[in-house]
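What follows is one structure encoded as structure tokens, with my remarks underneath.
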Amino acid sequence: MCERCYAAGKIVPGTQVHHKIRLTPHNIHRPEISLNWTNLELLCDDCHHEEHEKGIRWRADADGHVDI
């Protein structure tokens, strides 16, 4: 189950594992970040997409053109 939807009383299958502390080139090899169960949560596609939309100031279209 998606952990965030379940907390809100909805039953939605979880499809993606999300790292609460985002992986970067500097921390990806630190198992306490990349592999620690407390840093992972199971999310549905919608919740995972919503999480990764936070703080984004630009996006690219299908042709690779940047839209600010």
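Laid out as a table, the results:
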item: Residue pairs meeting the criteria (Cβ under 6 Å; at least 6 apart or on separate chains; first closer than 21 Å to residue 1 by Cβ, in the stretch 25-42; second part of a loop (DSSP other than H, G, I, E, B)); result: 39/20; 39/21; 42/14
item: Residue in the stretch 21-35 that is modelled with the lowest pLDDT, counting only those that are surrounded by 13 or more Cβ atoms within 10 Å (Cβ to Cβ) and under 15 Å from the mean Cα position of the chain (by Cα); result: 23
item: Residue count, the stretch 10-20 (criterion: in a loop (DSSP other than H, G, I, E, B) and surrounded by 10 or more Cβ atoms within 10 Å (Cβ to Cβ)); result: 6
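The values are calculated or read from the model by the stated rules, or taken from the named source; none is laboratory data. Owing to the predicted nature of the structure, the values given are computational and were not obtained by experimental measurement. Note: ideal-geometry Cβ built from the backbone for every residue, glycine included; neighbour counts use all protein chains shown.
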